[in-house]
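J.: Quick one: the structure is below, and I'll ask about it shortly.
The values are calculated or read from the model by the stated rules, or taken from the named source; none is laboratory data. As the structure is a prediction and not an experimental result, all values here were calculated from the model. Counting neighbours? That spans all protein chains shown, and the Cβs are built from the backbone with ideal geometry, glycine included.
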Amino acid sequence: MKRTVVGCLLFIFVFSCNNKNDFESFINKQFQSNYPNYYIDYDSVIIIPREGCTSCIKESERFIKENINNNAYLFIFTKISSEKELKITFGYEMLKLKNVIVDTKNIFYRYEDIENHYPLKLTKDKDYFLYERLNF
């Protein structure tokens, strides 16, 4: 019995690590393919899905409004249900800033990745972005 429990825990640990690595690979591949210069310009990226955890999204909106002028951050809005709503919430001019990407093609979103349903912070480690959920 003890062996079975240890085996199950080990399986879960390995599986969850692989999922994290797969998701990080996906995100980094999207940057390399679509926004290669952003590796140079930004050390921190905030990805905000517009659908998913509602309270998380509201908190991330507050964070963005407080930090939008901090050029150390790149903000990416993805999984957008309405561009018009996004413009009303943040203002048309803000969405045109250099450190804002409106991901209308959902290139930074994969439905099967649970992490994509939460706001994420990516931090550069050499030439690779590592992610963590934004915790407010």
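J.: Being farther than 12 Å from ILE48 by Cβ, among the charged types (D, E, K, R) and not in a loop (DSSP other than H, G, I, E, B) is the filter here; which residues of region 110-132 pass it?
T.: GLU115, LYS124, ASP125, GLU132
J.: Residues ILE76, ILE88: which one is under 17 Å from GLU115 (Cβ atoms) and at pLDDT 90 or above?
T.: Every option except ILE76 fails the conditions.
J.: Cβ contacts < 7 Å: first residue under 17 Å from LYS58 (Cβ atoms), restricted to region 85-96; second residue surrounded by 14 or more Cβ atoms within 10 Å (Cβ to Cβ) and at pLDDT below 90, any location; separation 6+ or different chain. Result?
T.: LEU86/ARG50; THR89/GLU61
J.: Would you be able to tell me the number of residues in region 75-104 that are in a loop (DSSP other than H, G, I, E, B) and surrounded by 16 or more Cβ atoms within 10 Å (Cβ to Cβ)?
T.: So the count comes out to 4.
J.: So which of ILE40, ILE48, ILE107 ends up being hydrophobic (A, V, I, L, M, F, W, C) and part of a loop (DSSP other than H, G, I, E, B)?
T.: One residue alone meets the criteria, ILE107.
J.: Which numbered condition trips up TYR128, out of (1) within 17 Å of GLU66 (Cα to Cα); (2) more than 11 Å from the chain's Cα centre (by Cα); (3) of a type outside the set (Asp, Glu)?
T.: Unmet for TYR128, out of (1) within 17 Å of GLU66 (Cα to Cα); (2) more than 11 Å from the chain's Cα centre (by Cα); (3) of a type outside the set (Asp, Glu): (1).
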